[in-house]
Each structure stands twice: as structure tokens, then as C-alpha cells.
Amino acid sequence: MNYGSGMSQHSRIEILSASPAAIARAARELAEGGLVAFPTETVYGLGGDATSDLAVAAIFKAKGRPSFNPLIAHVSSLDQAAALVEIGADAHRLAERFWPGPLTLVLKRRAASPVSLLASAGLDSVAVRMPDHPTALALIKAAGRPLAAPSANLSGRVSPTRADHVAQCLDGRIAMVLDGGPCRVGVESTVLDLTEEPPTLLRPGGVTAEELEAVLGRPLRRALETPDAPRSPGQLASHYAPSLPVRLDALAAEPGEALLGFGIAPECVLNLSPKGDLDEAAAHLFAMLRALDRPDYLGIAVMPIPERGLGLAINDRLKRAAAPRSPS
Ligand code: TXA
Ligand code: MG
């Protein structure tokens with residue numbers, strides 16, 4: 001793909017093993033308003049200074065993301081989050097139990113919050129999360145500011161779970177990616193909106209709804225099928241999409257299709273988890289969708305995934321990958 005002659009300030013993206021020296025270099029890049037991709041336990045993020053309108057604008061540009069879609073501010077401590085948003089009793093309990101980890105909380109923006117209004121798309125709420133990855137936490141600390149970080153892929157496409165996935169889609173658009181190996185969880189964080197009652201699940205993810213309900217002591221509202229304008233771009237019908245058409249609940253491949261298996265599946269090309277383990281399947285999901293997204297296949301057929309535990313997040317992403325594509 002040609003991004004325009006001489007328009008970009010970056011030529012080749014650098015893949016840096018996440019050493020202390022590389023993290024220090026990445027932190028300097030961030031302090032100067034640059035962008036750095038970094039590993040988290042869920043997927044790789046495309047990070048920039050969440051308090052800088054210019055850095056946030058550069059994130060939207062690099063991703064080709066519609067700017068009305070707000071970003072998550074990543075923090076390395078609860079105190080840092082408390083400077084950005086109002087942490088009520090529910091948020092406090094959830095953060096104590098699940099942070100660092102794959103849970104994003106949408107909370108009321110503090111009047112003096114330094115988070116760029118562009119990052120929160122002009123909303124009076126801000127999404128915050130503390131990622132459970134040593135490189136991510138070290139980078140946020142070294143940068144000394146919250147990092148806005150959407151998944152490090154082009155808007156609407158499959159999220160990256162390895163540094164080379166980031167390099168494939170963002171080469172020429174950002175200076176560097178810190179390589180922390182494959183992501184442990186493999187699907188994005190759960191997004192929970194605590195600004196209204198009952199708390200609303202905006203995106204299923206690494207922490208399950210049942211786990212949240214157990215801590216909150218009351219049921220969540222599931223906002224996933226809301227037909228009106230999405231509040232969370234993870235709610236857009238077509239999202240997380242490979243180039244090939246995706247067919248769900250397939251028991252066998254049609255001619256020309258590649259079968260993505262789950263459980264015992266002798267005919268499949270790749271298997272999310274031969275032993276039928278949902279955590280393992282989530283960790284493999286995006287990498288295997290990418291691997292099968294090849295011009296020598298006509299489509300990707302995916303075997304049924306049980307709707308429990310991380311299966312909810314997997315099926316949510318698969319449904320969107322299979323949805324009719326919105327013109328982009
Ligand atoms: O696991 C993750 O969450 C990854 C890693 C990099 O941390 N990040 C990620 O970011 O998936 P992104 O930008 O792809 O998804 C952020 C989600 C979107 O669905 C967005 O609409 C929602 O969070 N969101 C952010 N701010 C919000 C707000 N103020 N109100 C409602 N939804 C919000
Ligand atoms: Mg994303």
C-alpha cells in the first residue's frame with residue numbers, strides 16, 4: 001500500500017525488544033508527541049500522550065479511525081486514574097479486584113482532568129484501564145502521563161496480538177513497536193460504563209460479565225444489541241474484520257473455504273484450541289484469522305464456539321467479523 005510520497009515522517013517501523021533502554025527511548029518519543037505501539041495482556045496498543053490533542057490526533061490519523069470513537073486512557077496506578085476521573089465505590093471495588101487487568105471503566109471526567117477532549121471524543125466521561133503487562137506499565141511510568149491507546153491496527157480490521165502484526169499494518173505510519181511477544185489474553189478488554197445505573201456492559205472482553213456482577217452484587221445491563229448509534233465502536237456491526245468473508249457456526253468447509261476449528265476437528269486448516277479450551281481459543285483468535293486471510297481462499301468458515309466465559313467475547317468479535325461490511 002502506498003501512503004503517499006514523502007508525506008510520512010517515518011520510513012520503516014522499528015521492532016524493538018522491550019529492554020529498559022528501548023522503553024526509555026519509547027518514553028522520550030511519547031514525551032515529544034510521537035506514537036509508540038506497545039504490548040498489553042489483551043492486544044497491542046498504539047500509544048500516544050493522552051493529555052496532548054496533537055498526539056491523540058496523530059493516533060486517529062495513523063489508524064484511519066473516525067474521530068468520534070473515543071480512546072482508553074491507560075494508567076499505571078489507581079492514583080493516576082483518580083486524577084483523570086471520579087472513582088466511586090463501585091469503580092474502586094472493581095479496580096481493586098481486576099486491575100491491573102483486562103477491564104476498562106468508563107467514568108465521569110474530573111473537571112480538572114488533563115485528558116485531551118479529543119481522546120474522549122468530547123464526552124463528559126473518560127475510559128480508563130490499567131493493563132496487566134510489565135512493558136506497558138513500565139512505559140506508562142517512564143512517560144509520566146496516561147497513554148491513549150486503541151488497538152494498534154487500521155480501523156475496523158483485526159487487532160494485533162504480536163509485534164509483527166503491528167509492523168504489517170502500521171509500517172511507515174509510526175516510528176516503533178516494543179516487542180513483548182504474543183499477548184496472553186488475545187481479545188480486548190471488557191468495557192464497563194459506570195456513569196449510569198445499572199452499570200452497562202459496552203463490550204464483552206477479558207473479564208466476564210459474571211465476574212463483574214459477582215463483585216458489584218447486581219446485574220449489568222448488556223448494551224451490545226442497542227440498535228441506535230453505537231457508544232462504543234466495538235459496537236459497530238462490522239468491526240474486527242479480515243478481508244475475506246467470514247461464515248459462523250460452520251460444521252465443515254464449503255469448497256474454497258478455510259475451516260477454523262475449535263475442539264476435535266480433523267478437517268480444519270487451523271484450530272483455535274484442539275482441546276476445546278476457551279482461554280486458549282481467545283489467545284489464538286486474531287492471529288489465526290490473520291493467518292487464514294489469504295487470497296488463495298474464498299472465505300473463512302469458523303466452527304461453533306460455546307457461549308460461556310471468554311466464549312462471549314470470542315463470539316462477539318466473530319459476529320462483527322462476519323457482519324455485512326459498512327462502506328469505508
Ligand atoms: O484491550 C484493550 O482495551 C485494548 C488495549 C490496547 O488496551 N484497547 C482497545 O482500544 O481495544 P480501542 O480504542 O480499540 O477500544 C476502546 C473501546 C471502544 O469500544 C470505545 O468506544 C470505548 O472503548 N470507549 C472509550 N471511551 C469511551 C467512553 N468515554 N464512553 C464509552 N465508550 C468508550
Ligand atoms: Mg480496536
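With a 1.4 Å probe and every protein chain kept in, tell me what percent of the accessible surface of segment 246-322 is carbon plus sulfur.
Here it works out to 58 percent.
Per residue, the solvent-accessible area of the chain (1.4 Å probe, heavy atoms of protein chains only, all protein chains present) comes to 43 Å². Using C-alpha pairs under 8 Å with a sequence gap of at least 6, the mean separation divided by the residue count of the chain gives a relative contact order of 20 percent. Sorted from greatest to least, the principal axis extents spanned by the alpha carbons of segment 2-118 come out as 52, 33, 22 Å.
The percentage of C-alpha pairs in the chain whose separation is greater than 39 Å is 9%. For segment 128-216, the carbon plus sulfur part of the accessible surface works out to 50%, probe radius 1.4 Å.
Taken about its Cα centre, the chain carries a charge dipole of about 600 debye when Lys and Arg each add +1 at the Cβ and Asp and Glu each add -1 at the Cβ.
Rounded, prolate or oblate for segment 95-158? Axes are the square roots of the Cα gyration tensor eigenvalues, ordered a ≥ b ≥ c, and the cut-off for rounded is a/c under 1.5. Don't jump to the answer; show the numbers that get you there.
On the way: a/c = 1.42, a/b = 1.14, b/c = 1.25.
In terms of gyration-tensor shape, rounded.
With θ taken as phi - 60° and the Karplus curve 6.51 cos²θ - 1.76 cosθ + 1.60 applied, the whole-hertz 3J(HN,Hα) list for segment 92-107 is 4, 4, 5, 5, 4, 7, 10, 9, x, x, x, 10, 9, 10, 8, 10 Hz, x standing for glycine and proline. Relative contact order for segment 31-130: 32 percent, from Cα pairs under 8 Å spaced at least 6 residues apart, divided by residue count.
Its residue count N sets the reference 2.2 N^0.38 Å, and the alpha-carbon radius of gyration of segment 246-322 equals 0.98 times that reference. Projecting label points 7 angstrom from Cα along Cα→Cβ for Leu78 and Leu54 puts them 3.6 nm apart. Each residue of segment 255-269 was assigned a 3J(HN,Hα) from its phi angle through the Karplus curve 6.51 cos²θ - 1.76 cosθ + 1.60 (θ = phi - 60°); the sequence is x, x, 7, 9, 8, 9, x, 8, x, 6, 7, x, 8, 7, 7 Hz, with glycine and proline shown as x. Candidate cross-link partners of Lys141 among the lysines, defined by an alpha-carbon separation under 28 Å and a same-chain spacing of 8 or more, comprise Lys61, Lys63, Lys108.
Over segment 246-322, what is the relative contact order in whole percent, taking alpha-carbon pairs under 8 Å and six or more residues apart?
Details: 127 pairs, mean separation 30.1, N = 77.
That works out to 39 percent.
The values are calculated or read from the model by the stated rules, or taken from the named source; none is laboratory data. All values reported here derive from a predicted model rather than from experimental measurement. Backbone-built Cβ (ideal geometry, glycine too); neighbour counts: all protein chains shown. Remember, those area values only see protein heavy atoms, side chains included, never the ligands or the DNA or RNA. Shrake-Rupley method; radii C 1.70, N 1.55, O 1.52, S 1.80 Å.
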